[in-house]
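Before any comments, here is the structure.
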Amino acid sequence: MKDALLATLTEEVATVVAFEELLATEEKALIAAQPLDVLPAIIAHKTALTERIAALEQERNSSLTELGLLTGTTGMDAAASGDARITEQWALLCAVARCAKDVNNSNGVLIRTRMEYNRKVLAALQVSPAKAGFYGPDGRVPGA
């Protein structure tokens, strides 16, 4: 039973590491001037990885239940207390998950910043020509 849990944890670590690497790629794309070329593929890959992570978490919880343990962190802590291999993989999973969360939060800030910039650009473009001092179709500033 513990071998199945260990195998799931090992795969979960690898999947979260892949997710973290993808987030780093996303970060570079979000910083780039024209990210639209690569973002759709990144989003599709992120979706697939998050679905796989969720499935692995369910497998991990099923293994814990089969071992007569609680699910989640409580069960993992109990399982890890008696097995050095599980302890190592569990600690590694927790560490890479924290790193992925930090990069994801950073990407969220980048996205919000880009959205705010776009909102301001759109607001500037929607100002009436008379208020903005732009030249009208006749070459004159309206109201001048």
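Quick note: the coordinates plus some simple rules give every number you see, no bench work behind them. Computed from a predicted model, the values in this text were never measured in an experiment. With ideal geometry, Cβ positions are generated from the backbone for all residues, glycine too; neighbour counts draw on all protein chains shown.
Before moving on, here are some points about what is shown:
- A P(r) calculated from all alpha carbon pairs of region 2-132, with 5 Å bins opening at zero, reads 2, 10, 16, 17, 12, 10, 9, 7, 6, 4, 3, 2, 2, 1, 0 percent.
- Residues ASP138, ASP102 in ascending order of nearby Cβ atoms (within 10 Å, fewest first): ASP138, ASP102.
- Gaussian network model of the chain, springs between alpha carbon atoms under 10 Å - residue of ASN105, ASN118, ASN61 with greatest fluctuation: ASN118
- Check: the chain dipole with +1 on Lys, Arg Cβ and -1 on Asp, Glu Cβ, in debye: 980 debye
- Segment ALA14-ALA54, length gained on full extension (0.36 nm per residue, minus Cα span): 13.1 nm
- Modelled spin-label separation between ARG85 and THR65, with each label point placed 7 Å from Cα along the Cα-to-Cβ direction: 2.4 nm.
- Number of Lys pairs (Cα under 27 Å; 8 or more positions apart or on different chains) in the chain: 5
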